[in-house]
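One structure below.
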Amino acid sequence: MKITCYIIDEDLNSIDTLKKHIDDIVFLELIGFHTKAEEGIAEVKTMLPDFVFLGIDMPVSQGVDFSAQIASITKIVYISMFTAYAFEAFKHNAIDYLLKPVSKLKFIQCIGKIIYALPQPSMVTQQPKSLNPSYIYLKELATNRLFKIELDDIFYIESNNNNVIFNLDKETCIVQVPLKKIIIQLPADTFLRIHKSFIVNHKKIIHIDGNMVVLKNKTVLLLGSTYRESFYNYIRTTIVKTGRDK
């Protein structure tokens, strides 16, 4: 079972960006898109997606006006190049309002809001358990399906409100469990807590510059002051001394 979505927007670049973000989240499925509002609304009424990304910079009629036609059958996330429509959008019970271009972080935060807005059965979760040192099983936030994650595929794990985001090699997985419960399931010699919001796979680190930790995928994470000493204590145990070291 997946969460289904549909995109209505005249902006093809925006559609492409959203499609890439959707592809990165295993429990999302894009079931259609359209650049014309009237045709898109008609398809939504037939296909009944769980939620719709609705552009409100549409040329014929503002997306907010069209939303009244589908508000009773689906959830709506408004997307726009401007902040001016935000107040009106939230008056029409928007789940979220995203500014173009939509960043991956804002997209993930939006998906968290959508999950909470969906009927309760779609939010079943449980604490992940370590079944083998090389992988863990997680129960997806949106379904009851167990999802196997190879530990070597994890770059870092991020806490975002009540959700935990596993940033993997090629995709993202979201679960609902405290970060402190995640870290006890992971091998301590590989995964390090570097911030109240971040756990990092030290195998993915390429360099450290003061309080900035840079990963192989070019992600830059902040090293929190609370975790700085323990992090550097671990790093010191792995430093190879050169001939100039005494």
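The values are calculated or read from the model by the stated rules, or taken from the named source; none is laboratory data. On a predicted model such as this, the values are computed, not experimentally measured, just so you know. As a convention, Cβ positions derive from the backbone with ideal geometry for all residues, glycine included, and neighbour counts pool all protein chains shown.
Quick notes on this structure:
- Output for the range 184-211, where each listed residue is hydrophobic (A, V, I, L, M, F, W, C) and under 19 Å from the mean Cα position of the chain (by Cα): PHE198, ILE199, VAL200
- Test: ILE25 is farther than 17 Å from ALA94 by Cβ and in contact with a strand residue (DSSP E or B) (Cβ under 7 Å, 6 or more places away or on another chain): yes
- Being at pLDDT 90 or above and either surrounded by fewer than 13 Cβ atoms within 10 Å (Cβ to Cβ) or in a strand (DSSP E or B) (or both) holds for only one residue in ILE136, ILE157, and it is ILE157.
- One residue alone among VAL214, VAL240 is modelled with pLDDT of 90 or more and either among the hydrophobic types (A, V, I, L, M, F, W, C) or part of a strand (DSSP E or B) (or both), and that residue is VAL214.
- Listing of helices (runs of 4 or more DSSP H) fully contained in the range 1-108 that carry 2 or more residues being exposed (fewer than 14 other Cβ atoms within 10 Å of the Cβ) and modelled with pLDDT of 90 or more: 12-23, 37-47
- Scanning the range 174-220 for residues that are of a type in the set (Lys, Arg) and under 22 Å from ARG236 (Cα atoms) yields ARG193, LYS196, LYS203, LYS204, LYS216.
- Candidate set: the range 188-206, residues that are modelled with pLDDT of 85 or more and not in a strand (DSSP E or B); chosen: the one surrounded by the fewest Cβ atoms within 10 Å (Cβ to Cβ): LYS196
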